[in-house]
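Computed from the coordinates by the stated procedures, all read-outs in this text should not be read as laboratory data. Note that the coordinates shown come from a computational prediction; the quantities given were computed from them, not determined experimentally. Heads up, the Cβs are rebuilt from the backbone with ideal geometry, glycines too, and the neighbour counts pull from every protein chain shown.
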Amino acid sequence: MRVLDETTLEELHTVLRSLRGVWDEESVDELDHALQSAAKAIEDTADDELVLAAALHDLGHSPLIDAGPEHDAVARAWLTPRFGERVGWLAGAHVAAKRYLAATDTGYTPSQVSVLSLARQGGPGVDPAFVTHPWWPDALRLRRYDDAAKDPGARGATIEDVLTVARRVLHR
Ligand SMILES: [Fe+2]
Ligand SMILES: [Fe+2]
């Protein structure tokens, strides 16, 4: 294992732990949200990069990261240099995917908090730069995991599970 990889995994571990007790949603804290998102991706037999992006898509809510208003762009900027273009892109597309689903899927019912933040994020809409991207279908899968990962009674993955996936992504 390269020294740099160990540093990246330690940073990831620190960021994940920092999500405990951070409340963006009403039903789960951000660590449970991350671990439930990862579990949904694993259940769906997503590939490792998609699982990792699902786990980390809301890392911009970490108090250790200076997020500003665009937490999707922050996730992309943090993940890309560490885990590659696709992990960063997928995590960074989770707001665009919500806007798209809100605009195109009449049965789409994100959480109340998500509906409220949607207005700030530009409202329902189709962003041509995203929907023509080859990874777009996976961004929509990630969004479904995200929306399903807000159940106070659900069992998530563990931090160790996420680190194991991250280790494989670093060694791919
Ligand atoms: Fe988010
Ligand atoms: Fe989320």
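For the chain, treating each Cα as an identical point scatterer without solvent, what Debye log10 I(q)/I(0) comes out at q = 0.11, 0.14 1/Å? With no solvent term, the Cα-only Debye profile gives -0.40, -0.66. Evaluated at q = 0.13, 0.15, 0.24 Å⁻¹, the base-10 log of the normalised Debye intensity for segment 10-88, with identical point scatterers placed on the Cα atoms, takes the values -0.35, -0.47, -1.20.
I want the local charge near ALA97. Using Cβ-Cβ distances under 12 Å, sum +1 for each Lys or Arg and -1 for each Asp or Glu among the other residues. Please report the intermediate quantities before stating the final value.
Values: positive: LYS98, ARG99, ARG141, ARG143, ARG144; negative: ASP72, ASP105, ASP127, ASP138, ASP146, ASP147.
Once positives and negatives cancel, what remains is -1.
Once you reduce segment 119-141 and segment 65-114 to the center of their Cα atoms, the two points are 9 Å from each other.
Counting only Cβ charges, +1 for Lys and Arg and -1 for Asp and Glu, the dipole size of the chain around its Cα centre is about 260 debye. Average projection, convex hull of the Cα set of segment 88-169: 6.5 square nanometres.
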